[in-house]
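For reference, the structure discussed in these notes is given below.
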Amino acid sequence: MRRKAEAGPPANGTMEFSKDKKIIFSGVQPSGNLTIGNYLGAIKNFGLFQETYNCLYCVVDMHAITVRQDPAELRRRTYETLALYMASGLDPEKNVLFVQSHVPAHAQLGWVLDCFTMFGELSRMTQFKDKSAKNAQNINAGLFTYPSLMAADILLYQVDLVPVGIDQMQHIELTRDIANRFNQIYSDTFKVPEAYIPKTGMKINSLADPTKKMSKSDENQNACVYLLDDRDTIIRKFKRAVTDSDTVVKSAPEKDGINNLMTIYSCFTGKTFEEIEREFDGRGYGDFKLAVGEACADALSPLQTEFHRLMNDKAYLETVMKNGSDYASYLANKTLSKVYRKVGFIAK
Ligand code: AQP
């Protein structure tokens, strides 16, 4: 599909949204090396929608600086996150792939929405409490107002559905509250979005402490399996995963470690918990851990090959970013102008 040359969508890209399709938006922070938690909870599911929805997927670099980042690392990870989106199957001809800081409307709407988000609401956000505890030396205003910027990311595009892991549910609920509040004051302006949370994989836990979420910013490298870990490292990490003193591969409420490994195995193989229990009947945790490691390494291998191919072609990644941000800006500015007019700003 070609874009129109007259006023309207930019002409340099290759895709244009269909009026008949609903809209999807999601993002990932380039705040560390991406883990299988990010993949199974979010990125793997993004590809499910590309034929049936209009999809926008963003690398949210502005969110990443709420925690101090090394600038060169942040730049590298921004390219890498985009390449991982594509290596996971997102076709830039069918999805708008872009970098948040390339579309100024995010920051512009973020400021407006800051003025429609309550201090008490932000204070209750679990992620703010967790990250402030982890970064006690740098509890900055951006960390606190992160959810208003996330609301702007979503509301700019009149989004229907946001695929995320369960940890982001509280932020989506706040986004809905902000949208409803604004709509009530100024009449309908924003679509009120729904979250899409996968049934299996909504929360992958740490291999070192299976009561905690696996997080790319965890300092313990053995707690996480990174998407770019090599096969031996993946298998070694699963072999060392913390479980319990039982030996039977069977899910139970108190067996956090085994439940987590069963979830991961289920996500990578498509097997149900009952099938997994049957497969490992009479075999110990050792056999099971090895099988989880192998299934994970097998699934990630083609993704890694494609990732390395893409990373060798920075110019292509930059073209994808540029086309994506041009089209995203075109869509975002429509909502932003409406918002500016409604709150009483004078049009330029
Ligand atoms: N462990 C997880 N299980 C399932 N889903 C997860 N997600 C993150 N961790 C898990 C989902 O991945 C998407 C991108 O997350 P993000 O980068 O926006 O930030 P996050 O949720 O804070 O992820 P991390 O890995 O914990 O990053 P850091 O350590 O930087 O804070 C989201 O959809 C998220 O739900």
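The values are calculated or read from the model by the stated rules, or taken from the named source; none is laboratory data. Predicted model only: the values in this text are computed from it and were never measured. Please note: Cβ atoms are built from the backbone with ideal geometry, for glycine as well, and neighbour counts cover all protein chains shown. Quick note on the areas: whole protein, heavy atoms, side chains included, nothing else; ligands and nucleic acids left out. Shrake-Rupley method; radii C 1.70, N 1.55, O 1.52, S 1.80 Å.
Here are the numbers for this structure:
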item: Test for Thr233: is it open to solvent by less than 70 Å² (accessible area, probe 1.4 Å), of a type in the set (Ser, Thr, Tyr) and without any contact (Cβ under 8 Å) to a residue 24 or more places away in the chain; result: yes
item: Residue in the range 113-124 that is in contact (Cβ under 8 Å) with a residue 24 or more places away in the chain and either within 14 Å of the ligand (Cβ to nearest atom) or part of a strand (DSSP E or B) (or both) present; result: no
item: Condition check for Ser301: surrounded by fewer than 14 Cβ atoms within 10 Å (Cβ to Cβ), more than 30 Å from Pro104 (Cα to Cα), modelled with pLDDT under 95 and not β-branched (Val, Ile, Thr); result: no
item: Pairs where the first residue, in the range 260-278, is closer than 20 Å to Leu300 by Cα and the second is open to solvent by 50 Å² or more (accessible area, probe 1.4 Å) and among the hydroxyl-bearing types (Ser, Thr, Tyr), C-beta under 7 Å, 6+ apart; result: Thr263/Thr200; Ser266/Thr200; Ser266/Thr272; Cys267/Thr200
item: Enumeration of residues in the range 96-112 that are touching a residue at least 40 places away in the same chain (Cβ under 8 Å) and either among the acidic types (Asp, Glu) or away from the ligand (no atom under 16 Å from the Cβ) (or both); result: Val96, His102, Val103, Pro104, Ala105, Ala107, Gln108, Leu109, Val112
item: Condition broken by Arg236, with the remaining ones in (1) under 18 Å from Phe25 (Cβ atoms); (2) away from the ligand (no atom under 16 Å from the Cβ) satisfied; result: (1)
item: Candidate set: the range 125-148, residues that are over 21 Å from Val339 (Cβ atoms) and surrounded by 16 or more Cβ atoms within 10 Å (Cβ to Cβ); chosen: the one farthest from the ligand (Cβ to nearest atom); result: Phe144
item: Selection within the range 32-52 - among the β-branched types (Val, Ile, Thr) and open to solvent by 10 Å² or more (accessible area, probe 1.4 Å); result: Thr52
item: Verdict on Phe190 being open to solvent by less than 30 Å² (accessible area, probe 1.4 Å), over 20 Å from Ile36 (Cα atoms) and either within 14 Å of the ligand (Cβ to nearest atom) or in contact (Cβ under 8 Å) with a residue 12 or more places away in the chain (or both); result: yes
item: Residue within the range 198-207 that is away from the ligand (no atom under 12 Å from the Cβ), open to solvent by 40 Å² or more (accessible area, probe 1.4 Å), assigned to a loop (DSSP other than H, G, I, E, B) and β-branched (Val, Ile, Thr) present; result: no
item: Residues located in the range 247-284, provided they are under 24 Å from the mean Cα position of the chain (by Cα) and loosely packed, with under 14 Cβ neighbours inside 10 Å; result: Gly270
item: Test: residue in the range 66-76 that is modelled with pLDDT of 95 or more and crowded, with 22+ Cβ neighbours inside 10 Å; result: yes
